[in-house]
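Take a look at the structure below.
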Amino acid sequence: AMLIPPLVGILSNANIAIVAGVGSYMVIKGMVTIGVISAFITYSRRFADPLRQFANLYNNILSALAGAERIFEIQDTESEITDTENSISVNDLEGEVVFDRVDFGYLPNQQVLKDITLKAEPGQMIALVGPTGAGKTTMVNVLTRFYDIQDGSITIDGMNIKEIKKDDLRRQLGIVLQDVFLFSGTVMENIRYGNLEATDEDCIAAAKLANADGFVRRLPQGYNTNLSERATNLSQGQRQLLSIARAIVADPALLILDEATSSVDTRTEIQIQQALLNLMKGRTSFVIAHRLSTIRNADMVLVINGGEIIERGTHTELLEKKGFYYNLYMSQFKGTRDDVDFEYIKPVERPEPIQPSGMMPRMGMGHGMGGMPSPEVMKERIMEIINVFRINGAISPETAKTSVELGLPPQFSMMMQMRLGQLGVIVEQNGRYYLVEEKVNQI
């Protein structure tokens, strides 16, 4: 196939050479004029053009057939997860999810999940936390039935997910991932991808709930603005908000959030968290998070390590136990240079210089500024504290809460004595604290 275009080119050029050679001889003999020979050369070129086009078309058809063969091979591959003859069709789910002694491994004799047992009531928020590779995402994979478990059972509203039609099951699930994929097309089309039957009004309403309507209307053509592949002309936070809007318009019964705020800054995280709260209302939600500040209000926190649930309870209960979750939580607020309790990474203090007898030590000697955090680090910590108050609704004297109820880190009192208290951003009232939103802009 690759030889046809060159061969056609050689033949067409040879044709011109023959016409030119024979024509030159005939001109010399006086049999024809030069104009006649020029006309015949033009005719030969015109005759060769369709042959070239045919050769190119033939080559393109063969290339397309080779690509189509690979596509059809993928389409003909049988799915490892198939529906049974007695599969149940479901259109609406309440959202009760039960894992009963679930075991699963991607490879034989290598268990990733071990004896997982949990129950999520309709509308509850279940947080899955733990180190990388503990099995959090695997739990989501078996719930969505991307893989079948080896032992135990998973039921939704009392129905084993193996007995539910696969397409119906996944239609009831809404997933917001860390890595958002948006297609080339308009903003409206990308939101409607969650539900192809949604109207423009439904998509706009979903964008408003996702806090995406504001920035979308500031785009050059609003909802009709064309996005590039993967929406590289939007920021990570904006892509995440559109992904949440897509999930809202799908109106799922179960919601899965996998590191939805892990790659955005603190200010954008606040917007996304508010959008997620709107999305999770009335839906059973499974939230995978490494930023533990995002799951303080979860109805149940499951701590997973080595494929096993090693702790479970609310955020406050797990902190009181001072176990694995407590250490994991504190490690996110400790480890900065302003944390006096985190001994193994605290800067080493310089020894006091030996003063000659009879002389008074001078101010400023001995301790430099190396132990103070940078303004950027301090601002980020302050915004995290402010975010905690917003999430817990402690924004007025009537809704003030104690530091324990808010789950604040130990260095909060130090920050109160410094910038937070001086600016009046956080106000203390009889041992309870609340946020003054009007003062936040002064930071």
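Kindly establish whether D103 is over 19 Å from the mean Cα position of the chain (by Cα), surrounded by fewer than 17 Cβ atoms within 10 Å (Cβ to Cβ) and in a helix (DSSP H, G or I).
In short, no.
Mind listing just one residue for me: the one in segment 257-266 that is surrounded by fewer than 24 Cβ atoms within 10 Å (Cβ to Cβ) and closer than 26 Å to I156 by Cβ and, of those, modelled with the lowest pLDDT?
At the first step, the residues of segment 257-266 found to be surrounded by fewer than 24 Cβ atoms within 10 Å (Cβ to Cβ) are 258-259, 262-266.
Next cut, closer than 26 Å to I156 by Cβ only: 258-259.
On the way: D258: 82, E259: 76.
Taking the candidates together, the pick is E259.
Would you mind telling me which numbered condition in (1) surrounded by fewer than 19 Cβ atoms within 10 Å (Cβ to Cβ); (2) over 28 Å from V249 (Cβ atoms) L113 fails?
That leaves (1) as the condition not met.
Looking at T155, T77, T137, T117, which one is without any contact (Cβ under 8 Å) to a residue 40 or more places away in the chain and either in contact with a helix residue (DSSP H, G or I) (Cβ under 9 Å, 6 or more places away or on another chain) or of a type in the set (S, T, Y) (or both)? Full working, then the answer.
Details: T155 fails: without any contact (Cβ under 8 Å) to a residue 40 or more places away in the chain; T137 fails: without any contact (Cβ under 8 Å) to a residue 40 or more places away in the chain; T117 fails: without any contact (Cβ under 8 Å) to a residue 40 or more places away in the chain.
Just a single option satisfies the conditions, and that option is T77.
Do we find that G30 is at positive phi and loosely packed, with under 14 Cβ neighbours inside 10 Å in this structure? Reasoning before the result, please.
Values: at positive phi: yes; loosely packed, with under 14 Cβ neighbours inside 10 Å: yes.
Against the criterion (at positive phi and loosely packed, with under 14 Cβ neighbours inside 10 Å), G30 qualifies.
Considering only residues that are among the polar types (S, T, N, Q), in contact with a Phe, Trp or Tyr (Cβ under 9 Å, 6 or more places away or on another chain) and farther than 30 Å from G237 by Cα, which ones fall in segment 123-182?
Correct list: Q150, S153, T155.
Quickly run through segment 92-104 and pick out the residues that are at pLDDT 90 or above and either out of contact with any helix residue (DSSP H, G or I) (no Cβ under 6 Å at 6 or more places or on another chain) or not assigned by TED's automatic domain parsing to the domain that holds G174 (or both).
Pass one, segment 92-104, residues at pLDDT 90 or above: 96-104.
Within segment 92-104, E96, V97, V98, F99, D100, R101, V102, D103 meet the criteria.
Answer with yes or no whether T294 is over 23 Å from V142 (Cα atoms), crowded, with 20+ Cβ neighbours inside 10 Å and among the β-branched types (V, I, T). Walk me through how you get there before you give the answer.
Numbers: over 23 Å from V142 (Cα atoms): yes; crowded, with 20+ Cβ neighbours inside 10 Å: yes; among the β-branched types (V, I, T): yes.
Yes.
Being among the polar types (S, T, N, Q) and under 24 Å from I4 (Cβ atoms) is the filter here; which residues of segment 17-51 pass it?
S44, the sole residue that qualifies.
Please report, ordered by residue number, the helices (runs of 4 or more DSSP H) entirely within segment 131-242 with at least 2 residues that are surrounded by 19 or more Cβ atoms within 10 Å (Cβ to Cβ) and of a type in the set (A, V, I, L, M). So that I can check it myself, show each step before the final result.
Numbers: elements: 136-143, 166-171, 187-192, 200-209, 213-217.
It comes to 136-143, 187-192, 200-209.
Condition first: under 24 Å from A20 (Cβ atoms) and surrounded by 14 or more Cβ atoms within 10 Å (Cβ to Cβ). Now tell me which residues in segment 53-66 satisfy that.
A55 - this is the single residue of segment 53-66 that is under 24 Å from A20 (Cβ atoms) and surrounded by 14 or more Cβ atoms within 10 Å (Cβ to Cβ).
Kindly evaluate V90 against the criterion of being closer than 19 Å to V142 by Cα, part of a strand (DSSP E or B) and touching a residue at least 40 places away in the same chain (Cβ under 8 Å).
no
For a quick check of your reading: which helices (runs of 4 or more DSSP H) sit entirely within segment 376-443 and have at least 3 residues that are under 30 Å from N278 (Cβ atoms) and at pLDDT 75 or above?
Ranges flagged: 403-406.
Considering segment 118-139 alone, what residues qualify as being out of contact with any strand residue (DSSP E or B) (no Cβ under 7 Å at 6 or more places or on another chain) and within 19 Å of M280 (Cα to Cα)? Step through it out loud before you land on a result.
Step one: filter segment 118-139 for residues out of contact with any strand residue (DSSP E or B) (no Cβ under 7 Å at 6 or more places or on another chain), giving 121, 132-133.
The answer is E121, and nothing else.
Is at least one residue of segment 231-240 small (G, A, S), over 12 Å from V180 (Cα atoms) and in the same structural domain as I126 (by TED's automatic domain parsing)?
Within segment 231-240, none of the residues are small (G, A, S), over 12 Å from V180 (Cα atoms) and in the same structural domain as I126 (by TED's automatic domain parsing).
Quick one: V287 ticks every box in (1) of a type in the set (V, I, T); (2) farther than 28 Å from L209 by Cα; (3) in a strand (DSSP E or B) bar one, so which box is it?
Against the list (1) of a type in the set (V, I, T); (2) farther than 28 Å from L209 by Cα; (3) in a strand (DSSP E or B), V287 comes up short only on (2).
The values are calculated or read from the model by the stated rules, or taken from the named source; none is laboratory data. What you are looking at is a predicted structure, and each value in this text was computed from that prediction instead of being measured. Virtual Cβ from ideal backbone geometry, glycine too; neighbours counted across all protein chains shown.
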